[in-house]
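Since every read-out is calculated from the coordinates, none of them should be taken as a lab result. Owing to the predicted nature of the structure, the values given are computational and were not obtained by experimental measurement. All Cβ positions, even for glycine, are placed from backbone atoms using ideal geometry, and neighbour counts span all protein chains on display.
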Amino acid sequence: MKNKNTISVQILKPTIVLGLICFMTALMLALVNSITKEPIKAQELARENEAKQLVMPEGVDFVEKEFSGNKHFLYNEAYDQNGNLVGYIFKNGKHGYGGPVIVNVGVDPNGKITGVKALDLSETPGIGTKVEDPAFTDQFIGKTIGLKAVSSTNPSNNEIQAISGATTSSNAFIEAVQKSLEQYALICGGNDE
């Protein structure tokens, strides 16, 4: 009988100790999470606002809006320091060669692009990632709806010179920007088809 009690104590004691260790660890993790939650959220908001300002340099205040109709999406209105509307910011993505290509796009009240910035990019380093280079992104500034990729070195109107060897990445980026321009048209009273 004494042997059975000894075996039970040998099993029960480490189980209780392990349970207490797990409980204390979970409690500590919950405490650390509650302490770091707000600073992490503030840091993410600051990063988002920085990304918005890159595509809408005049914007200092950004207000998230929702468009509902046959299509549903979120966008931001950008206001300057005097509270005047200076444009809109859209975030869209398309599937590229290596994964999603997510792009922030700034559009002024006249429908012209003020800036574009890749937010998430899984393209081939050195080739597909060239869509982040200013030589590619600066082509979008001042363009309007109806973008198309071309291979010529002298694009005109709403043509964007695609990156040689990275056609899929270039097209995904251009299509994400085009989708943002279509959303701009919808919020400004365009056709919701």
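What to note about this one:
- Legend: calculated FRET efficiency, Thr144 to Asn84, from the Cβ-Cβ distance at R0 = 22 Å, rounded to 0.05, equals 0.55.
- Each of the peptides 63-72, 41-50 was scored by the mean count of other Cβ atoms within 10 Å over its residues; in descending order, highest first, they stand as 41-50, 63-72.
- For the range 56-187, with +1 on Lys and Arg beta carbons and -1 on Asp and Glu, the positive-most of Ala162, Asn104, Tyr88 along the dipole: Ala162
- Working from Cα pairs under 8 Å separated by at least six residues, relative contact order for the range 1-154 is 13 percent.
- Between Leu20 and Asn49, the modelled labels are 4.7 nm apart [label points 7 Å from Cα along Cα→Cβ].
- Cα→Cβ-extended label distance, 7 Å offset, between Asn33 and Asn154, nm: 6.1
- Taking Cα atoms only, the orientation of helix 2-55 departs from the longest principal axis of the chain by about 20 degrees.
- Listed residue (Gln43, Gln178, Thr144) projecting farthest to the positive dipole end of the chain, Cβ model: Gln43
- Taking other C-beta atoms within 10 angstrom as a stand-in for reagent exposure, Thr25, Thr129 fall in the order Thr25, Thr129, fewest first.
- Between helix 167-187 and the chain: long-axis angle, C-alpha atoms, 0 to 90°, nearest 10: 80
- A Förster radius of 25 Å combined with the Cβ-Cβ distance from Glu58 to Glu132 puts the calculated FRET efficiency at roughly 0.65.
- Extreme residue, positive dipole direction of the range 8-78, given options Tyr75, Leu18, Asn33 (C-beta unit charges): Leu18
- Within the chain: Cβ-based charge dipole about Cα centre, in debye rounded to nearest 20 (Lys, Arg +1; Asp, Glu -1): 1240
- Dividing the summed -39500 (n - 2.57) terms of all DSSP H runs of n ≥ 4 by the residue count of the chain sets its mean residue ellipticity at 222 nm at -14500 deg cm²/dmol.
- Burial ranking of peptide ranges 11-19, 82-90, 156-164, 95-103 (average Cβ count within 10 Å, highest at the top): 95-103, 82-90, 156-164, 11-19
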